[in-house]
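Below is one structure, written out as structure tokens; the observations come after it.
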Amino acid sequence: MRQDIDMERLLIWTYQSERAHANYRRGGGLYGAERDAAGMATQRVSFDGIAAIERSAILGTHVDSSRSSVSDLNSDAEVVHEAVRSLNPMEAGKVVVQARLGERPDWMEDAKHTLGPARVREDGSPVTVNRHCVPFYTPIREVVTPGMIELARAEYILWWDAVSQVMAMVKDNLDGFTVTGFTAIRTPWEKGAENCEAIAAA
């Protein structure tokens, strides 16, 4: 029986429980001779990639069967990881990092341009510049800059777009899961974004 799962939970399962980044291709997807040379025992038959094309050519027909892997990695986790690997390195890295953390990127909710003292003492009080032993002024610095907020939100959108791409690639290719959708909002900082609907997988 297939289990319903949200796209974010599927990624977290793939990289936390299954550790796809560490277990991917430990023998999976290799020809029998390659596995024998590596001392890997064949447990199941893969129905993916070149080996599948070779079998289809020999049999003269496509063999339709559930996906399996000779690696230590669950076949669905392998499908997800392969989809992530097809992204550009920046997108793939962001997806894996956030999944391993089990959280969405910080888009600096409620952040605004903020100034603060350039230096503070151990007790938190600002360091002032004195003139004739009298406080004259307090040097300030930007604590939160518009650029910091813009960068954080650009990284969030990068992550969101990447996860959406992965969902489109895997939703019809899983054996044990049915992806129900992706509940994150693409631009949650925009006015009215809380009323946006989640993306359905269908």
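Just so you know, all these numbers are worked out from the coordinates, no wet-lab data involved. Here the structure is a predicted model, which is why all the values come from computation and not from measurement. All Cβ positions, even for glycine, are placed from backbone atoms using ideal geometry, and neighbour counts span all protein chains on display.
Just tell me which lysines come within less than 23 Å, Cα to Cα, of LYS94; anything on the same chain fewer than 8 places away is out. Excluding near neighbours in sequence, the set is LYS171.
Ranking of GLU122, GLU82 by neighbouring Cβ atoms within 10 Å, starting from the fewest: GLU122, GLU82. Backbone amide hydrogens, once placed in the peptide plane, bring THR178 within less than 5 Å of GLN3, ASP4, ILE5, excluding anything fewer than 5 places away on its chain.
Legend: ranking of residues LEU115, LEU73 from fewest to most surrounding C-beta atoms inside 10 Å; resulting order LEU115, LEU73.
Among HIS81, HIS132, HIS21, the ranking by other beta carbons within 10 Å of each residue's beta carbon, starting with the fewest, stands as HIS132, HIS21, HIS81. The chymotrypsin sites (Phe, Trp or Tyr not before Pro) of the range 127-172 include none that meets both conditions, a loop assignment by DSSP and at most 15 other Cβ atoms within 10 Å of the site Cβ.
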